[in-house]
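One structure is given below, encoded as structure tokens.
The values are calculated or read from the model by the stated rules, or taken from the named source; none is laboratory data. Keep in mind the model is a prediction, meaning the values are calculated, not measured. Cβ: placed from backbone, ideal geometry, glycine included. Neighbour counts: every protein chain shown.
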Protein chains: 2
Amino acid sequence: MKKVDLREKVLSANEKIAIANRERFADTGTLVLNLVSSPGSGKTSLVEETVKILKDRYRIYVVTGDIMTENDARRIARHGVEAVQISTGGACHLDAKMVDEKLVKIGSDYDLIIVENVGNLVCPASFDLGEDLKVLLVAVGEGDDKPVKYPPMVRASGVLVINKLDLVPYTDSKPEAIEQNALKINPDLEVFSVSCKTGQGLDRWIEWLTSRLKTKKAAHPGS
Amino acid sequence: MKKVDLREKVLSANEKIAIANRERFADTGTLVLNLVSSPGSGKTSLVEETVKILKDRYRIYVVTGDIMTENDARRIARHGVEAVQISTGGACHLDAKMVDEKLVKIGSDYDLIIVENVGNLVCPASFDLGEDLKVLLVAVGEGDDKPVKYPPMVRASGVLVINKLDLVPYTDSKPEAIEQNALKINPDLEVFSVSCKTGQGLDRWIEWLTSRLKTKKAAHPGS
């Protein structure tokens, strides 16, 4: 029983900070995405392709989480956007406090903050960071039934990006099966199928993201 | 502070059951492997290929862990070996108690027990199940720096299987880079490079496994 109580305490402390983060992002009209997936589904590649296209039009800040190394922040910073790494030192997810601590320093001068979570299809589902949306990535070749095996993450997400379309000819994977399995768990998902390697499908993703950026900004005309 | 204490309590309770599991497996000369990886690296495929080759020579039992669904146990049982699913219902790892509860029923009549853990490169590293070895899978295309990003799991493992060699021509991935990154963290790793799809490299894996099965059995001539 004690274990459950403690878990609830940790989650409720997290929730308070997440609410404060969300209010701050609302005040500044900043759209915040929380990218979640297995390790290796291509979160960093999606961030790279996205910032390459949008960096001249929008002020973008990227927070990347990993158990260890600053590799991802370095990969992203090469494209000329600000990127900071959170090395969790063992923790299997980012929490609202870690994100808050990084963001206190940067002020509010951003249109888009992309948080790339620790590669983990389980634990990050429980931790609200104050984001507008969780964006779940599933890659071709990971197993088309992944969404039904990890339903809490699918339920917690607003968007599904099916990545690595370029590998379809070399695997038994069917992107439409991944999509159908995900929609069974969460029919409200917005779904995009892309290849970060070839660029296929990224235009639809960017169009949707641009429209979300405009909506968020329009709701806060003073920002 | 309380959080740390509780984590230690949970781990130490787990450790007691793991020790009992390990003693039981020693008494019966049963080799136990704990397969760990990201979701989608091919744990179930490796189990399938392994049982296809060894099932007529050894008594094999398979335990598969997932948040939800019994898909994996069904996939494995098709090959004519006994397989049981543990649906963790949300937990991000298997623990020694879950494994113990499944194994109490089966008795001791097995040469090889393969436990396929929940797809997660973080949390299962902390939970000893009483296995002889953790076998870590990393797939081609997941990102060659995965081992340095998830060092606790690499340190906890005795074997690294680099899977999906068939995808090398279609990705920027270099299996030798995955191997080098892993050996930097844990120089004692036994490394195998395979494709469960084409069968490439499986002969060396099977040869090693057969030798471990003989060694374990020889240490317990009464079993």
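Assorted remarks:
- Qualifying residue in the stretch B:26-42 (condition: of a type in the set (A, V, I, L, M), assigned to a loop (DSSP other than H, G, I, E, B) and within 14 Å of another protein chain (Cβ to nearest Cβ)): no
- Among the candidates A:49, A:70, residue that is within 12 Å of another protein chain (Cβ to nearest Cβ) and either over 30 Å from residue A:9 (Cβ atoms) or over 17 Å from the mean Cα position of the chain (by Cα) (or both): A:70
- Any hit, the stretch B:2-23, residues being crowded, with 16+ Cβ neighbours inside 10 Å and among the hydroxyl-bearing types (Ser, Thr, Tyr): no
- Of all the numbered requirements in (1) farther than 28 Å from residue B:151 by Cβ; (2) without any contact (Cβ under 8 Å) to a residue 24 or more places away in the chain, residue B:176 misses one, and that requirement is (1).
- Identity of the residue in the stretch B:176-199, more than 16 Å from the chain's Cα centre (by Cα) and away from chain A (no Cβ under 14 Å), that ends up farthest from residue A:68 (Cα to Cα): B:199
- Filter result (assigned to a loop (DSSP other than H, G, I, E, B), modelled with pLDDT of 95 or more and hydroxyl-bearing (Ser, Thr, Tyr)) within the stretch B:52-86: B:58
- Within the stretch A:72-128, the set of residues being under 18 Å from residue A:59 (Cα atoms), in contact with a Leu (Cβ under 8 Å, 6 or more places away or on another chain) and of a type in the set (D, E, K, R) comprises A:111, A:116.
- Consider the stretch B:73-124 and keep the residues that are of a type in the set (Gly, Ala, Ser) and under 16 Å from the mean Cα position of the chain (by Cα). The one that is surrounded by the most Cβ atoms within 10 Å (Cβ to Cβ) is B:119.
- Note on the stretch B:148-165: residues that are within 13 Å of chain A (Cβ to nearest Cβ), touching a strand residue (DSSP E or B) at 6+ places or on another chain (Cβ under 7 Å) and buried (at least 24 other Cβ atoms within 10 Å of the Cβ) amount to 5.
- Taking first residues from the stretch B:13-30 that are over 17 Å from residue B:114 (Cβ atoms) and partners that are of a type in the set (S, T, N, Q), the Cβ contacts under 8 Å between residues at least 6 apart in sequence or on separate chains come to B:27/B:108; B:27/B:223.
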